[in-house]
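Taking it in order: structure first as structure tokens, then the write-up.
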Amino acid sequence: MSLDMTRNHRLTALLVSLFIGAAHAADPLSLHEPQIRALGIETATVGEADQQRSGVYPARVLVPNEQMRVVAAPVAGMLEMLAVAPGATVKRGQVLARLASPQALELQRDALQAGSQSALLRQSLKRDEQLFAEGLIAESRLQATRAAASQAAAQASERQQGLALAGIAPGKLGASLALTAPIDGVVLEQGGQLGQRVEAATLIYRVARLTPLWLEIQVPLGVAATLKEGMPIKLAERDISGRLIAIGRAVDPASQTVLLRAEVNQGAAALHAGQVLEVEIATPAGTQQQRLPAAALVRHDGKTYTFVQRSSDEQGTSFAARPVRVVSQGGDSVLVEGVQAGERVAVKGVSGLKALLAGVGSD
């Protein structure tokens, strides 16, 4: 142990001995200036550090789920043309890529064959209905022809639906498969490269409409409890605003924060999906919660205290040990109830004050 540390421990023990038997635990701890310097006590005003950044929380920009679409390969094939790149603005129906696919040719061929077979059996059914009406064929033959025509029509419909799901235009055997934009929007991601062979459902492009956008905001649990859906939010140091649309019910076990979701319309064009930024949320009037450095708190007799400065003059400075309730903690700061904005609390040298408090309480 260093000489300075030994000296500080001795000084603290001496100060404690001066208080034992001379005060009660509820009394303020009065210290002279030399004692304050020896213990390294420093104070800060509650709320002063947050005046310029009050209610500022981290957030991430997201695209609402209903505004995103995926352009994927409907069948296996080779990308023979890519028309756009990430960041490009596209219109609904615009051709984004072309896919050369033997499987697409098979689907087109099967659809054409099924259509031809269905048309042939429709003609046979029409002829047999006329022959049956004239008494030239038996009813059993008409029923067989009708069943065959119905089955062929169902198969042709199935083949046409398969073409539609694959995005293949019927009647164009041999043409490459055009992949088109499903919505007006911006290309966020490109998943394939020119000449690449892809399997069915492989991502080719991700397209999104970027107005409005969402913000996912992390706030302490105590702050979330004071908020309501519809409250306004604003980006820190930027003229972009929005409103809260959802307040999460799950708490992150590590940070003890709650996830908020806000919707941004005004100024959304200036934001980018995935961007990390800061959001200002006005704290409702009347809240009694204040943020303190974690070093300003001590545990004593099963309770949490902070040392509030009661007075300071040429005679010395007095501190009162005030119990507080911890609402949430994140990093080096703690959100508490029990102190008011504008009060001064000890933020350094707190261990010495705790030692004094423990000495007084042991009387």
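The values are calculated or read from the model by the stated rules, or taken from the named source; none is laboratory data. This is a predicted model, so every value here is computed, not measured. Here Cβ is always computed from backbone atoms with ideal geometry, including for glycine, and neighbour counts include all displayed protein chains.
Observations
- Selection within region 308-328 - more than 11 Å from V345 (Cα to Cα) and of a type outside the set (G, A, S): D313, E314, Q315, T317, P323, V324, R325, V326, V327
- Annotation note: of I168, I204, the sole residue that is surrounded by 15 or more Cβ atoms within 10 Å (Cβ to Cβ) and either modelled with pLDDT of 90 or more or in the same structural domain as G267 (by TED's automatic domain parsing) (or both) is I204.
- When the residues of region 304-316 are filtered to those that are modelled with pLDDT under 90 and in a strand (DSSP E or B), the one that is surrounded by the fewest Cβ atoms within 10 Å (Cβ to Cβ) is D313.
- Residue in region 134-148 that is of a type outside the set (S, T, N, Q), within 43 Å of the chain's Cα centre (by Cα), not assigned by TED's automatic domain parsing to the domain that holds A85 and not in a helix (DSSP H, G or I) present: no
- In region 242-258, the residues that are at pLDDT below 90, surrounded by 13 or more Cβ atoms within 10 Å (Cβ to Cβ) and over 16 Å from R60 (Cβ atoms): Q256
- Residues in region 19-50 that are modelled with pLDDT of 65 or more, of a type in the set (D, E) and part of a loop (DSSP other than H, G, I, E, B): D27, E48.
- Enumerated strands (runs of 3 or more DSSP E) restricted to region 181-292, each holding at least 3 residues that are more than 26 Å from V334 (Cβ to Cβ) and touching a Lys or Arg at 6+ places or on another chain (Cβ under 8 Å): 185-190, 203-208, 241-251
- Just so you know, in region 83-111 the residues that are free of Cβ contacts under 8 Å to residues at least 60 places away in the same chain and exposed (fewer than 13 other Cβ atoms within 10 Å of the Cβ) include one that is farthest from Q155 (Cα to Cα), and it is P102.
- Residues that are part of a loop (DSSP other than H, G, I, E, B) and modelled with pLDDT of 90 or more, drawn from region 317-338: V324
- A single entry from R92, R69, R60, R53 fulfils the requirement of being over 30 Å from K354 (Cα atoms), out of contact with any Ser or Thr (no Cβ under 7 Å at 6 or more places or on another chain) and at pLDDT below 85: R53.
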